[in-house]
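Everything on this sheet refers to the single structure shown next.
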Amino acid sequence: MAALKGPQNHVREIVSKLRARRDYAWKRLNEIEGISCTKPEAAFYVFPKIHKVGSKWKNDLEFVLDLLKETGVLFVHGSGFCPIYGAGHVRGVFLPPIETLEEAFDLVEGFMKKNR
């Protein structure tokens, strides 16, 4: 009850931080060659498309495992959510601080450049 009726100032601050993290993740992913991402509107997740799935990588699971082994960056394969609409996509969270997201996306970008 105290959480519902007490001060709510922290909610605005958290929403602002999450919006900044979402916007950063969305922008940064779209700057990486071979990846495109629509802007999330109602979740803590990004769901980018990996364009070389089907040619460079057999499927999105293979991409996720290669990325994890080489960089330590973890996404979840999109086909695990839906084999039709999720295929060729990955899912990641944007809850960490922007500095952490920046480090992860730098690694993803290096991985994508290496695997052109």
Looking only at segment 58-71, decide whether some residue is without any contact (Cβ under 8 Å) to a residue 40 or more places away in the chain, under 18 Å from Arg116 (Cβ atoms) and more than 17 Å from the chain's Cα centre (by Cα). yes
Failed condition for Gly78, given (1) surrounded by fewer than 14 Cβ atoms within 10 Å (Cβ to Cβ); (2) in contact with an Asp or Glu (Cβ under 8 Å, 6 or more places away or on another chain), with all others met? (1)
I'm trying to understand the selection: among the residues of segment 93-116, which are outside any loop (DSSP other than H, G, I, E, B) and within 11 Å of Ile50 (Cβ to Cβ)? Val108, Phe111, Met112
Just to be sure, is Val90 assigned to a loop (DSSP other than H, G, I, E, B), at negative phi and under 13 Å from the mean Cα position of the chain (by Cα)? no
Is it the case that some residue within segment 22-40 is of a type in the set (A, V, I, L, M), surrounded by 13 or more Cβ atoms within 10 Å (Cβ to Cβ), assigned to a helix (DSSP H, G or I) and within 15 Å of the chain's Cα centre (by Cα)? yes
Would you check if there is a residue in segment 55-71 being surrounded by 15 or more Cβ atoms within 10 Å (Cβ to Cβ), touching a Phe, Trp or Tyr at 6+ places or on another chain (Cβ under 7 Å), outside any helix (DSSP H, G or I) and not aliphatic (A, V, I, L, M)? yes
Please work out if Val46 is closer than 30 Å to Ile14 by Cα and touching a Pro at 6+ places or on another chain (Cβ under 8 Å). yes
Residue list for segment 72-86, filter: more than 17 Å from Leu107 (Cα to Cα), free of Cβ contacts under 8 Å to residues at least 24 places away in the same chain and not in a loop (DSSP other than H, G, I, E, B): His77, Ser79, Gly80
I'm told Gly34 meets every condition in (1) closer than 30 Å to Glu13 by Cβ; (2) touching a His at 6+ places or on another chain (Cβ under 7 Å); (3) touching a residue at least 60 places away in the same chain (Cβ under 8 Å); (4) not hydroxyl-bearing (Ser, Thr, Tyr) except one. Can you identify the failing condition by its number? (1)
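Only the coordinates and a few stated rules stand behind these numbers; no lab work does. Every value quoted in this text rests on a predicted model; they were computed, and no experiment measured them. Virtual Cβ from ideal backbone geometry, glycine too; neighbours counted across all protein chains shown.
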